[in-house]
Amino acid sequence: MEEYALIMRHEDGLKVASPEQIQTWMKQTMDWIDHIKAQNKFVGGTGLPFADAKVVWYNNVVTNGPFGDIKETIGGFITVKAESVEEAVEFAKGSPVLQGDGNSVEVRKIAKNDGVH
Amino acid sequence: MNQQELIPHLFRTEFRKIAAVICKFLGIEHIELAEDIASETFLSALEIWSYKGVPENPVAWLYTVAKNKARNQITRNQLFSKKIAPEIKHSASKNTEIEIDLSEKNITDSQLQMLFALCHPAIPVEGQIGLSLRILCGFGIDEIANAFLTNKETINKRLFRAKEKLRTEKVQIAFPHTSEISNRLKTVLTTLYLLFNEGYYSETRDDVLREDLCLEAMRLTHLLVENGQTNSPEVNALLSLMCFHSSRFPARKNERGEIVLYQDQDETLWNQELIANGVYYLHQSSRGNKISKYHIEANIAYWHTIKADTKEKWENILQLYNHLLQIEYSPIAALNRTYALSKANSKEEAITEAEKLKLEGNHFYFTLLGELYADIDIKKAIHNFERAIDLAKTQTDKLFIQKKINKLKEY
C-alpha cells in the first residue's frame with residue numbers, strides 16, 4: 001500500500017461564489033472524504049486558505065500570492081492510501097473541485113523512506 | 001470528528017446577517033468590502049469544515065471568523081483608515097475596542113436599516129431588487145441572473161451602478177426620521193412587492209428559486225411588521241397578499257412540471273396555514289382609513305382562497321378590480337377585471353370590454369379572448385389562441401396554449 005497526495009488546483013474564482021454554492025461544495029467535499037474514509041483509505045488533509053498567502057522568491061523577495069500571473073492556485077490537498085496510482089486516480093475523480101472548468105487534481109505518490117524509493 | 005449535518009441554507013442565512021451588520025458598521029461606501037468579508041468567512045468554513053468537520057456551534061464559529069476578518073481589514077488597510085468614519089478610526093487605533101455586534105437585535109436592526117438604504121428612491125428599482133437579493137437575501141450573482149433570466153455581466157453592471165449611486169447620494173444606513181418613514185416605506189414596499197412578483201410570475205424554470213424569492217420577500221416584509229415603527233396597515237396588507245398567493249404554490253404545477261391554472265387547481269393542496277396567516281394580516285391591515293392597492297389586491301387574493309364559483313365571489317372580485325384600476329391602472333389588472341366580469345356577468349359582456357383594451361402585444365390578452373370565445377365562436381377562439389402562441393415567450397406557454405387549440409379542434 002502506497003500513500004498518495006491529491007492536490008486540488010483551481011482558478012481563483014471562489015470569491016464570487018454564492019454562499020449557497022459554497023455550502024454545496026462543502027457538503028460535496030465532506031461526502032467525497034467520507035466515501036474514502038469508509039474504505040479506510042483516508043490519511044488526512046487540509047484546506048489552504050488564500051487569505052494572507054505569500055510567496056517567497058529566490059531573490060528573497062516576498063510577494064502576496066500566489067495571485068497575479070499565476071492563474072490557478074492550490075486550494076487544499078488530501079492524503080489517501082491506495083494500492084496503485086490508478087486507485088488514487090479513481091479517488092481523485094470524485095473530487096468536487098473537478099466540477100469547475102479548468103480545475104484539476106494532481107495525484108502524487110508520497111516518498112517513503114524505505115530505501116526503495 | 002464531528003460530522004453533524006448543516007441546516008439547509010445556513011450559509012445564505014448567515015451571509016445576509018453578517019453582510020448587513022458589517023456594512024452598517026463600515027458605512028454604505030464600503031458595501032463591497034462588507035460583501036467580501038462575509039464571502040471570505042464562508043470560504044474559511046469551506047477550507048476548514050470540509051476537512052475537519054463542522055464545529056460544535058457553527059454559527060458562533062462563523063461570527064468569530066467574520067469579526068476577526070473585519071477587524072483585520074480595518075486595522076490593516078491603510079487606504080481604508082484614511083477614508084473611514086472618525087468614530088471607527090478612533091477605535092481602530094486601539095485595536096481591541098473594535099466590537100462588531102452580531103447580537104440578534106443588532107442583526108435585525110441592521111437588516112431593517114439596510115432595507116431602507118437599499119430601497120432608496122434614488123436607486124433604479126431593478127438595482128434595488130438586485131442589491132436586496134444580494135445583501136439582504138444572500139443570493140449570489142449567478143442566482144440573481146438566473147432569477148431575472150439574464151447573464152452575470154448584466155447583473156454585475158446593475159449592482160455596480162446601484163452601489164455607485166448609494167455612494168454618490170451618500171445614503172445613510174439608518175432608520176428614516178419618523179416624519180419620513182411613511183414616504184420611504186412606499187419605495188420599500190414597492191421593491192418587496194416586485195421581488196415577490198419576480199418569484200411568483202418569473203419565467204425561470206427553477207421552481208426552488210422562484211419559491212425562495214417569494215419566501216425572502218415575505219421574510220423582509222415580516223421584518224417590517226415586527227417593528228413598531230414600520231408596522232403600518234399597508235405593510236400588513238402586503239404581507240397578507242403574499243401569504244394568500246404563496247398558499248397556492250403546491251398546486252400551481254402538476255407532476256410533469258406544467259402550470260395548473262387557478263380554476264383547475266386541486267384546492268386540497270393549498271396551504272391552509274398560509275391562508276390563515278393571510279386572513280390574520282388582512283385583519284391587521286384594516287386599521288386606519290387609507291386603502292392602498294395592497295389592501296385591494298389582498299382582498300382579491302382572499303376571495304380566491306374560496307374555490308367555489310359563487311356570484312357573490314365574482315361580484316366582489318369585480319368591484320375590487322374596479323377600485324384597483326381607479327387607484328392604479330395596469331393592463332394586467334384590466335385583463336383580470338375582464339375575467340372577473342365574465343364570471344360575474346357574462347362572457348359576451350367581457351368580450352366587449354376586453355376588445356376595448358387592445359393589448360395586442362400581450363399573449364395573456366389573446367389567451368383570455370380565446371377562453372372567452374371558446375363557447376361562443378370556436379373559430380375566433382382558435383384565431384386568438386394562435387395569436388397568443390405567436391406572442392408567448394416560453395416554450396411552456398406555447399405548448400400550454402397549443403393544448404387549448406387542440407381541445408377545441410376535437411369538437
I'd like the residue in segment B:50-59 that is assigned to a loop (DSSP other than H, G, I, E, B) and within 13 Å of chain A (Cβ to nearest Cβ) and, out of all such residues, is nearest to A:HIS35 (Cα to Cα). B:GLY53
Conditions first: (1) farther than 20 Å from B:GLN265 by Cβ; (2) out of contact with any Gly (no Cβ under 8 Å at 6 or more places or on another chain); (3) not assigned by TED's automatic domain parsing to the domain that holds B:LEU241. B:LEU391 passes all but one, so which condition is the exception? (2)
Mind listing whichever residues of segment A:80-117 are farther than 22 Å from A:ASP34 by Cβ and of a type in the set (Gly, Ala, Ser)? A:SER84, A:GLY102, A:SER104, A:ALA111, A:GLY115
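Could you go through segment A:73-91 and let me know if any residue there is assigned to a loop (DSSP other than H, G, I, E, B), at negative phi and modelled with pLDDT of 90 or more. Outline the logic, then answer.
Start the filter on segment A:73-91 by keeping residues that are assigned to a loop (DSSP other than H, G, I, E, B), which leaves A:83-84.
Checking the rest, the ones that are also at negative phi come to A:83-84.
Now restrict to residues that are modelled with pLDDT of 90 or more: A:83-84.
Within segment A:73-91, one or more residues are assigned to a loop (DSSP other than H, G, I, E, B), at negative phi and modelled with pLDDT of 90 or more.
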Is segment B:29-49 home to any residue that is within 13 Å of chain A (Cβ to nearest Cβ), in a helix (DSSP H, G or I) and at pLDDT below 85? no
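Return the only residue of B:ASN72, B:ASN106 being under 30 Å from B:ALA162 (Cα atoms), at pLDDT 90 or above and part of a helix (DSSP H, G or I). Quick ask: steps written out before the conclusion?
On the way: B:ASN72 fails: at pLDDT 90 or above.
Matching residue, one of B:ASN72, B:ASN106: B:ASN106.
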Can you list the helices (runs of 4 or more DSSP H) lying wholly within segment B:315-411 that have 2 or more residues being touching a residue at least 60 places away in the same chain (Cβ under 8 Å)? B:395-410
Can you say whether B:ASN197 is free of Cβ contacts under 8 Å to residues at least 40 places away in the same chain and closer than 30 Å to B:LYS24 by Cβ, as far as the supplied structure shows? yes
Looking across segment A:9-31 at residues that are touching a strand residue (DSSP E or B) at 6+ places or on another chain (Cβ under 9 Å) and surrounded by fewer than 20 Cβ atoms within 10 Å (Cβ to Cβ), the single one that is modelled with the highest pLDDT is A:ARG9
Which condition breaks for A:THR79 when tested against (1) polar (S, T, N, Q); (2) touching a residue at least 60 places away in the same chain (Cβ under 8 Å); (3) more than 14 Å from every other protein chain (Cβ to nearest Cβ)? (3)
Scanning segment B:1-28 for residues that are more than 9 Å from chain A (Cβ to nearest Cβ), within 26 Å of the chain's Cα centre (by Cα) and of a type in the set (A, V, I, L, M), the one farthest from A:MET26 (Cα to Cα) turns out to be B:ILE28
Could you please give the count of residues in segment B:164-193 that are crowded, with 16+ Cβ neighbours inside 10 Å and within 20 Å of the chain's Cα centre (by Cα)? 9
Kindly provide the set of residues from segment B:110-164 that are free of Cβ contacts under 8 Å to residues at least 12 places away in the same chain and either closer than 15 Å to B:VAL188 by Cα or part of a helix (DSSP H, G or I) (or both), ordered by number. B:ASP142, B:ALA145, B:LYS152, B:GLU153, B:THR154, B:LYS157, B:PHE160, B:GLU164
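Counting only residues that are among the β-branched types (Val, Ile, Thr) and either over 25 Å from B:PHE15 (Cα atoms) or in the same structural domain as B:THR305 (by TED's automatic domain parsing) (or both), give me the helices (runs of 4 or more DSSP H) lying completely in segment B:168-261 with at least 2 of them.
Working: elements: B:178-201, B:207-226, B:233-246.
Correct list: B:178-201, B:207-226.
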With the condition kept exactly as written, say whether any residue in segment A:50-57 is in a helix (DSSP H, G or I), of a type outside the set (A, V, I, L, M) and free of Cβ contacts under 8 Å to residues at least 24 places away in the same chain. no
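The values are calculated or read from the model by the stated rules, or taken from the named source; none is laboratory data. Because the structure is predicted, anything quoted here is derived from the model rather than measured. Here Cβ is always computed from backbone atoms with ideal geometry, including for glycine, and neighbour counts include all displayed protein chains.
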